[in-house]
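Presented below is the structure to which this report refers.
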Amino acid sequence: MKYNYLGNTKIKVSLICLGTMTWGEQNSENEGFEQMDFAYNEGINFFDTAELYSVPPRKETWGSTEKIIGNWLKSRKIREKIVIATKVVGRSGMKWFRNKETRLNREQINEAIDGSLKRLQTDYIDLYQFHWPDRKSNFFGKLGYKHEDEKDFIEIKTQLEVLDENIKKGKIRYIGLSNETPWGLMKFLSISEKYNLPRIVSVQNPYSLLNRSYEVGMAEISIRERCGLLAYSPLAFGMLTGKYDNGAKPDGARLTLYADMYTRYTKPKGLKYSEKFNDLANNNNMTPSDMALGFVNSQKFVTSNIIGATNLKQLKSNVDSYKIELSKDLIEEIDKIHDENPYPCP
């Protein structure tokens with residue numbers, strides 16, 4: 001396994017991060033245990049979860065993934081060898097979390113941290129992330145920014161102050177963002193510097209062959225500010241595995257089970273360009289998954305590539321992607337397809 005420093009910290013995390021959001025919905029606790037055992041034995045020391053998981057988000061299942069991880073940590077007794085990342089939900093309309101509109105205010109961040117600690121059965125969280133901003137902005141598939149005046153969004157300084165208090169209490173070690181924009185990331189960094197508050201060490205945003213928007217405004221910040229990307233959906237919900245090509249609907253697959261809920265990658269452009277990339281991989285004697293993951297792993301601004309799987313066969317193949325090196329010629333062919341339509345699935 002390859003490892004990178006998490007931001008400007010002294011923590012090294014595996015290039016491959018174990019994504020866990022299917023546990024408690026598509027996967028049972030036993031299957032989650034199998035995946036964690038396998039990942040750990042393969043050198044993966046970085047697990048990512050969220051209070052919202054499992055997905056799709058439901059009142060009946062939120063927090064279930066953290067509970068599964070907590071039970072595993074308790075039974076394996078290797079907490080200090082695993083870097084655990086989790087998240088607090090932003091403004092959502094999903095009132096089942098705290099019986100009110102979710103907001104990134106002092107009360108709710110504190111409650112969310114304590115809840116995650118209890119479910120994870122641990123005294124501390126290594127990386128605590130805001131799942132998405134409290135303010136209205138570009139995330140979850142939006143590119144064109146349309147400003148709306150907001151009088152009630154929680155100030156970034158306030159959010160950082162709450163996290164600072166929890167770091168001083170030993171409940172969390174480091175902090176990160178998710179689904180964030182260049183303005184948001186730089187604002188967090190500048191406020192932390194101005195007021196001597198905790199510094200953001202990572203950003204968890206989507207990044208794949210079908211969505212390279214991170215390269216435009218975020219990649220330079222990640223490199224220059226040592227605040228790397230934790231890339232999620234590197235296989236675009238499985239579209240870049242080839243299993244959905246030609247209209248296929250595999251039994252038990254996420255986009256078969258939840259096609260109406262997750263359309264980010266299944267619109268006409270997504271279908272067209274996923275097949276173009278998958279064909280390119282096949283024509284170069286590679287599996288589509290290997291090419292897609294190898295591309296993400298090769299980026300200088302990527303700290304870790306978050307992969308998830310519903311079975312061990314998928315997981316083993318995905319974990320092995322850290323060994324892949326794409327040729328210069330293949331990257332040029334990838335870029336030619338990218339240039340036809342840079343962001344088919346933002």
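Condition test on residue 322, is it touching a strand residue (DSSP E or B) at 6+ places or on another chain (Cβ under 7 Å) and surrounded by fewer than 18 Cβ atoms within 10 Å (Cβ to Cβ)?
In short, no.
Quick one: which of 229, 255, 210 is under 22 Å from residue 308 (Cβ atoms), free of Cβ contacts under 8 Å to residues at least 24 places away in the same chain and buried (at least 16 other Cβ atoms within 10 Å of the Cβ)?
255
Could you name every one of the strands (runs of 3 or more DSSP E) located completely within region 1-91 that has at least 2 residues being within 21 Å of residue 180 (Cα to Cα), without any contact (Cβ under 8 Å) to a residue 60 or more places away in the chain and touching an Asp or Glu at 6+ places or on another chain (Cβ under 8 Å)?
Once the strands (runs of 3 or more DSSP E) in region 1-91 are filtered for at least 2 residues that are within 21 Å of residue 180 (Cα to Cα), without any contact (Cβ under 8 Å) to a residue 60 or more places away in the chain and touching an Asp or Glu at 6+ places or on another chain (Cβ under 8 Å), what remains is 83-88.
Could you list, in sequence order, the residues of region 240-252 that are in contact (Cβ under 8 Å) with a residue 40 or more places away in the chain and touching a Leu at 6+ places or on another chain (Cβ under 8 Å)?
Of everything in region 240-252, those that are in contact (Cβ under 8 Å) with a residue 40 or more places away in the chain and touching a Leu at 6+ places or on another chain (Cβ under 8 Å) turn out to be 240, 241.
Taking residue 272, is it over 18 Å from residue 19 (Cβ atoms), assigned to a helix (DSSP H, G or I) and touching a residue at least 24 places away in the same chain (Cβ under 8 Å)?
yes
Return the residue satisfying two criteria in turn: it lies in region 36-54 and is crowded, with 19+ Cβ neighbours inside 10 Å and either modelled with pLDDT under 95 or of a type in the set (D, E, K, R) (or both), and of such residues it is farthest from residue 308 (Cα to Cα).
Residue satisfying both the conditions and the ranking: 51.
Can you name the condition, by its number, that residue 199 falls short on among (1) within 30 Å of residue 167 (Cα to Cα); (2) surrounded by 21 or more Cβ atoms within 10 Å (Cβ to Cβ)?
Residue 199 satisfies every listed condition except (2).
Identify the single condition in (1) modelled with pLDDT of 95 or more; (2) under 26 Å from residue 15 (Cα atoms); (3) among the polar types (S, T, N, Q) that residue 310 does not satisfy, given that it satisfies every other one.
Going through (1) modelled with pLDDT of 95 or more; (2) under 26 Å from residue 15 (Cα atoms); (3) among the polar types (S, T, N, Q) one by one, residue 310 breaks only (1).
Being assigned to a loop (DSSP other than H, G, I, E, B) and within 23 Å of residue 229 (Cβ to Cβ) is the filter; apply it to region 97-134 and report the residue that is nearest to the chain's Cα centre (by Cα). If you could, list the steps in order and put the result at the bottom.
Quick first cut of region 97-134, residues assigned to a loop (DSSP other than H, G, I, E, B) only: 97-105, 121-124, 131-134.
From the residues that got through so far, the ones that are within 23 Å of residue 229 (Cβ to Cβ) too are 104, 131-134.
Details: 104: 19, 131: 9, 132: 11, 133: 14, 134: 18 Å.
Among them, the one singled out is 131.
Could you please find all residues in region 168-184 being in a helix (DSSP H, G or I) and either in contact (Cβ under 8 Å) with a residue 60 or more places away in the chain or within 18 Å of the chain's Cα centre (by Cα) (or both)?
182, 184
Looking at region 143-160, which of its residues are surrounded by 12 or more Cβ atoms within 10 Å (Cβ to Cβ), of a type outside the set (Asp, Glu) and outside any helix (DSSP H, G or I)?
153, 154
At pLDDT below 90 and touching a Cys at 6+ places or on another chain (Cβ under 7 Å): which single residue out of 264, 254 fits that description?
Selected residue: 264, the only one of 264, 254 that is at pLDDT below 90 and touching a Cys at 6+ places or on another chain (Cβ under 7 Å).
The values are calculated or read from the model by the stated rules, or taken from the named source; none is laboratory data. As the structure is a prediction and not an experimental result, all values here were calculated from the model. Cβ: placed from backbone, ideal geometry, glycine included. Neighbour counts: every protein chain shown.
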